[in-house]
1. Restricting the first residue to segment 373-389 and requiring it to be of a type in the set (Asp, Glu), which pairs with a second residue that is not in a strand (DSSP E or B) meet a Cβ separation below 7 Å and a spacing of at least six or different chains?
2. Taking the condition outside any helix (DSSP H, G or I), modelled with pLDDT of 85 or more, open to solvent by 60 Å² or more (accessible area, probe 1.4 Å) and closer than 27 Å to GLY423 by Cβ, does TYR378 pass?
3. For segment 395-420, name all the residues that are part of a helix (DSSP H, G or I), closer than 22 Å to LEU218 by Cα and among the charged types (D, E, K, R).
4. Given the conditions (1) farther than 30 Å from LEU245 by Cβ; (2) open to solvent by less than 80 Å² (accessible area, probe 1.4 Å); (3) β-branched (Val, Ile, Thr); (4) assigned to a helix (DSSP H, G or I), which single one is not true for ILE390?
5. Which of the residues spanning segment 23-41 are modelled with pLDDT under 90 and surrounded by 16 or more Cβ atoms within 10 Å (Cβ to Cβ)?
6. Any chance segment 83-102 includes a residue that's of a type in the set (Val, Ile, Thr), in contact (Cβ under 8 Å) with a residue 60 or more places away in the chain, surrounded by fewer than 16 Cβ atoms within 10 Å (Cβ to Cβ) and not in a helix (DSSP H, G or I)?
7. Tell me, which strands (runs of 3 or more DSSP E) wholly within segment 203-305 include 2 or more residues that are in contact with a strand residue (DSSP E or B) (Cβ under 6 Å, 6 or more places away or on another chain), crowded, with 21+ Cβ neighbours inside 10 Å and modelled with pLDDT of 95 or more?
8. Is it the case that segment 56-68 has a residue that's more than 24 Å from the chain's Cα centre (by Cα), part of a helix (DSSP H, G or I) and of a type in the set (A, V, I, L, M)?
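The values are calculated or read from the model by the stated rules, or taken from the named source; none is laboratory data. Every value quoted in this text rests on a predicted model; they were computed, and no experiment measured them. In this analysis, Cβ positions are derived from the backbone assuming ideal geometry, glycine residues included, and neighbour counts consider all displayed protein chains. SASA here: full protein model, heavy atoms, side chains in, ligands and nucleic acids out. Shrake-Rupley method; radii C 1.70, N 1.55, O 1.52, S 1.80 Å.
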Amino acid sequence: MREKELIVYRNMSKEEGKLLSDMSYIMDHYGETEKEETASGGTTQMKDLFYACIHELLELAGNHGFYGNLWHCYLANLLVNDENSYSRACEVVGAVEGSINEAVLHDIVIFKEFFDFDFSPLTALFGGESWALVENYRSSNEESKVYNTRIRQRICDLAEQFRCSRTPEEMKETLTRFYKDYGVGKFGLHKAFRIVSGKEGAQIVPITNIAHVHLDDLVGYESQKKKLIDNTEAFVGDRKANNCLLFGDAGTGKSSSIKAIANEYYEKGLRIIEIYKHQFRDLNDVIGQIKNRNYKFIIYMDDLSFEDFETDYKYLKAVIEGGLEKKPKNVLIYATSNRRHLIREKTSDKNDRDEDLHTNDTVQEKLSLAYRFGVTIYFGKPAPKEFQNIVRTLAKRYDIAMEEEILLAEANKWELSHGGLSGRTAQQFIDYLLGKAPDNG
């Protein structure tokens, strides 16, 4: 086999490529074991390596949720995760022109040899029953540690399409279409990410279990949602868009609205990266990793606010607007906060001239961060009638059978001792009813 002749797809990590290398060695040398003496240990070592590979494939199935032909799923997974000049060029936009296509086709010919390899002589020598598990594996219904159900389904389907491809050209076309539809690597397969800081700098790590909230799930706040939608659609549509600040009372749906946006526009190439204020020093590093990709990225900052002694907001100001390097067109910042002006203000900022000779400068310094958000959206507590409408809507959605008069009376009692009028309080009340009476669920 010719895995060492790969050109474009040769930079896979040692961990990712070891199984391919081991399987390639077995495919090339298994026939030689018939001529070796058992005492030499050659046959035993080859057989051990073969079963070690089966173990790795089964572990892959457990971690990734793969099913069907695990060998084919492994190969497909390598191809959809390899971020190279071709795959990055094809993500979102599709097929590209140029000599790179010839180099990619050269590699796909090699991968097709791996897909089409006849294992029957090999398994006849080492044991076909164990390999049969690999060729027709049934997975559990639980979500994997690496991929959610949606992603693992796409990769397993792709593996089957590759198996049915009659030519390398057809296989290449299928792969290119996958890059266009779903992207490549972690940014293609996942919609949400977090930042992990380490010795090697900031790493962008996928969040595999994001809340499946949608905009229609949020009751009320129609004008606020429309303002957020309009700005986001302009962004994903390559039109001018603004950084966005959602501010107001707690529990009113600010964070849920942004999560819903991530779910709503994933298919249009939108990705969301959550970052906390203690990580603002990594912002330039993070933006450097995403600025040349074909996706649109929202850098999401939840519950953003600063005390007057905290100075990390200055890193954020420089990134949003004011630094020498212009913020990339494919990056916006969405933040939520209970404070309109983000940084705590004191009366002394305006009145105490003994501490600061230029009090207006102090005020402007603290306001300047909020002014860098071109779109600001206020989420206020609902009025009593609006709160009752939220409760009614949620009760109907969850099929809670209770007389409306009793339902609303109980909801009013609940909110008095559970944080007051808000969408969050209404949802907690409904959850309480569902937990108290399972037959309602």
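1. Final answer for the pair search is GLU386/GLY220.
2. Values: outside any helix (DSSP H, G or I): yes; modelled with pLDDT of 85 or more: yes; open to solvent by 60 Å² or more (accessible area, probe 1.4 Å): yes; closer than 27 Å to GLY423 by Cβ: yes.
Criteria met by TYR378.
3. Correct list: LYS396, ARG397, GLU404, GLU410, GLU415.
4. The one condition ILE390 does not meet is (1).
5. TYR30, THR33
6. In the first step, residues of segment 83-102 are kept if they are of a type in the set (Val, Ile, Thr); the result is 92-93, 96, 100.
So of that shortlist, the ones also in contact (Cβ under 8 Å) with a residue 60 or more places away in the chain come out as 92-93, 100.
With surrounded by fewer than 16 Cβ atoms within 10 Å (Cβ to Cβ) added as a condition, the list becomes 93.
If we keep only those that are not in a helix (DSSP H, G or I) as well, we get 93.
Taking every residue of segment 83-102 in turn, at least one turns out to be of a type in the set (Val, Ile, Thr), in contact (Cβ under 8 Å) with a residue 60 or more places away in the chain, surrounded by fewer than 16 Cβ atoms within 10 Å (Cβ to Cβ) and not in a helix (DSSP H, G or I).
7. Numbers: elements: 244-248, 270-274, 296-301.
The strands (runs of 3 or more DSSP E) meeting that bar are 270-274, 296-301.
8. First pass over segment 56-68, keeping only residues more than 24 Å from the chain's Cα centre (by Cα): 56-58, 68.
Next cut, part of a helix (DSSP H, G or I) only: 56-58.
Adding the requirement that they be of a type in the set (A, V, I, L, M) leaves 57-58.
Among the residues of segment 56-68, at least one is more than 24 Å from the chain's Cα centre (by Cα), part of a helix (DSSP H, G or I) and of a type in the set (A, V, I, L, M), which makes the answer yes.
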